[in-house]
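To start, the structure itself, in structure tokens.
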Amino acid sequence: MLKWIIGISFLVLLVSSVIRNNHEGNLQAARTQEQGVLLVQMEAINNPMVSQLVNEWRTAFPVPDEGKLTELKVLFQRVKANPAEAAKFTKEAKQKELDKVNALATSPLTGDAKAQGPGL
């Protein structure tokens, strides 16, 4: 009887794991597709800095999580309202800001801070 209970428990865990992985895969595919649509719309603004930002975003976040997708939505609205603002969100601009901070103080354990990618 104990073998049956253990066997059924294992089977339930296995099936629930497969279902969960499938659901997460579907959510990730939807996020990736939505990101692609937003990036195409940003690219349609036809501004060199916006294009640079889009290219950096594609490179840095090819598979977005929920947080990065939300950040991209906010970024899209800001850039759509004022395309010149795109220059502030590039990796280069973020690194310039970090260089100012690094000039004031650096951590002996981690060294200088580096920009991880474009964004807010």
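The values are calculated or read from the model by the stated rules, or taken from the named source; none is laboratory data. Every value quoted in this text rests on a predicted model; they were computed, and no experiment measured them. Glycine gets a Cβ as well: all are built from the backbone with ideal geometry, and neighbour counts include every protein chain shown. These accessible areas exclude ligands, DNA and RNA; they are computed on the full protein's heavy atoms, side chains included. Shrake-Rupley method; radii C 1.70, N 1.55, O 1.52, S 1.80 Å.
Quick notes on this structure:
- Filtered by the rule that a residue be surrounded by fewer than 14 Cβ atoms within 10 Å (Cβ to Cβ) and either farther than 26 Å from residue 24 by Cα or over 17 Å from the mean Cα position of the chain (by Cα) (or both), the stretch 42-85 gives 44, 46, 48, 77, 81, 82, 84.
- Inter-residue pairs, beta-carbon under 7 Å, first within 25 Å of residue 69 (Cα to Cα) and in the stretch 7-30, second open to solvent by 80 Å² or more (accessible area, probe 1.4 Å) and not in a helix (DSSP H, G or I), 6+ apart: 28/63
- Matching residues, the stretch 37-57, being among the small types (Gly, Ala, Ser) and part of a helix (DSSP H, G or I): 51
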